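Novice: Following this message is one structure expressed as structure tokens.
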Amino acid sequence: MELKISNNTIIKPFSVGWDPADGIMDDPDNHIERCLSKLTDMFIDPGAAEAYLKEKGDVLLYEVYEKAIPQRDGEIQFCSSITHPGRIGEEYFMTKGHFHARRDTAELYYCLRGRGYMLMEKEDGEYELGEMYPGRSVYVPAFYAHRSINTGDEPLISLAVYPGDAGHDYGSIETSGFKHVVVERNGKPVAIENPRYGKME
Ligand code: PAN
Ligand code: ZN
């Protein structure tokens with residue numbers, strides 16, 4: 001999620017509109033769309049993801065709208081994060097998830113629509129689930145990888161705010177995954193150990 005803006009760019013005061021009902025930002029500098037076809041390996045059952053693709057086509061799992069802010073100390077990045085509803089087998093639609101490249105940076109999510117969880121997990125596997133529903137904020141502390149998980153039946157929409165120079169590191173999530181995943185069992189979301197942990201590729 002690198003933005004084409006120099007770190008020396010001077011930012012003038014600005015305001016931007018975005019609709020809490022659909023998460024769409026007016027005049028964004030970046031609109032990221034992540035589809036299932038590129039992320040089948042992220043699920044605990046990639047075969048189920050391939051079957052889903054064949055049956056329903058390439059669905060959109062999540063989107064991000066953001067303005068371009070220089071990635072430097074003192075600035076604040078903010079975006080609208082939209083995770084769509086759905087499941088691959090028993091696993092809910094979710095974002096890829098990442099550590100911040102600067103591990104000592106936190107993030108605040110403020111949920112405006114939908115239901116779900118923020119999975120927050122440290123490198124040693126210690127984890128927490130932060131409940132997300134309208135009016136609820138989740139504070140993701142420094143050193144925690146984080147992933148939004150939509151357990152409801154409408155889009156999970158949040159405003160996310162984090163330090164200007166945090167950056168994103170997807171490396172270990174792509175290769176090893178999270179140690180925990182959230183799945184639906186008996187109609188309820190539960191966290192289980194990731195059976196593919198350490199061998200996501
Ligand atoms: C969010 C996420 C956004 C998309 O803005 O970047 O929800 O998730 P992935 O980056 O894991 O694909 C954030 O946490 N920024 O730091
Ligand atoms: Zn983040």
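Novice: Arrange the peptides 17-24, 100-107 so that the one whose residues have, on average, the most other Cβ atoms within 10 Å appears first.
Specialist: Output ranking for 17-24, 100-107: 100-107, 17-24.
Novice: Between their Cα atoms, which of K56/K199; K96/K179; K54/K96; K38/K199; K54/K179 are more than 23 Å away from each other? Intermediate values should be presented prior to the final figure.
Specialist: On the way: K56/K199 27 Å; K96/K179 13 Å; K54/K96 21 Å; K38/K199 17 Å; K54/K179 28 Å.
Result: K56/K199; K54/K179 exceed 23 Å.
Novice: Also, I was wondering about something else. For the chain, what's the relative contact order in percent, using C-alpha pairs closer than 8 Å and at least 6 residues apart?
Specialist: It comes to 22 percent, rounded to a whole number.
Novice: Another question about this same structure. Expected output is a single nm value to one decimal: the length gained when fully extending between S15 and D58, i.e. 0.36 nm times separation in residues minus the C-alpha distance. What is it?
Specialist: 12.1 nm
Novice: Which value, in Å², gives the accessible area per residue of the chain when a 1.4 Å probe is used on the protein heavy atoms?
Specialist: Per residue, the chain has an accessible area of 49 Å².
Novice: Relative contact order for the range 111-190: what percent, with Cα pairs under 8 Å and sequence separation of 6 or more?
Specialist: On the way: 118 pairs, mean separation 26.6, N = 80.
Computed over the range 111-190, the figure is 33 percent.
Novice: Continuing with the same structure: Just grab the label-to-label distance for E131 and E184, each label 7 Å out from Cα along the Cβ direction, in nm (one decimal).
Specialist: Each label point is offset 7 Å from its Cα along the Cβ direction, giving 1.9 nm.
Novice: Classify the range 143-201 as rounded, prolate or oblate from the Cα gyration tensor: take a ≥ b ≥ c as the square roots of its eigenvalues, call it rounded if a/c is under 1.5, otherwise prolate when a/b beats b/c and oblate if not.
Specialist: Oblate, because a/c is 1.5 or more while a/b does not exceed b/c.
Novice: With axes computed from alpha carbons, what is the tilt in degrees of helix 46-56 against the longest principal axis of the chain, rounded to the nearest 10 within 0 to 90?
Specialist: Its long axis makes an angle of about 80 degrees.
Novice: Would you please put 55-66, 159-170 in order of how densely packed they are, using the mean number of other Cβ atoms within 10 angstrom per residue and starting with the highest?
Specialist: So the order, starting with the most tightly packed, is 159-170, 55-66.
Novice: Same structure, new question: Using the Kirkwood radius over Cα pairs, work out the Stokes-Einstein diffusion coefficient for the chain at 4 °C and 1.567 mPa s, in µm²/s as a whole number.
Specialist: 75
Novice: For the range 1-92, take N as its residue count and report Rg(C-alpha) divided by 2.2 N^0.38 Å.
Specialist: That works out to 1.37 for the range 1-92.
Novice: With n ≥ 4 as the cut-off for DSSP H runs, can you work out [θ] at 222 nm for the chain, using -39500 (n - 2.57) per run divided by the number of residues, rounded to the nearest 500?
Specialist: Details: 2 runs with 16 residues, N = 201.
Helix-only estimate at 222 nm: -2000 deg cm²/dmol.
The values are calculated or read from the model by the stated rules, or taken from the named source; none is laboratory data. Here the structure is a predicted model, which means the values were calculated and not measured. Cβ coordinates were reconstructed from backbone atoms using ideal geometry, including for glycine residues, and neighbour counts include every protein chain displayed. What goes into the accessible areas is simple: the full protein's heavy atoms, side chains included, and nothing from ligands, DNA or RNA. Shrake-Rupley method; radii C 1.70, N 1.55, O 1.52, S 1.80 Å.
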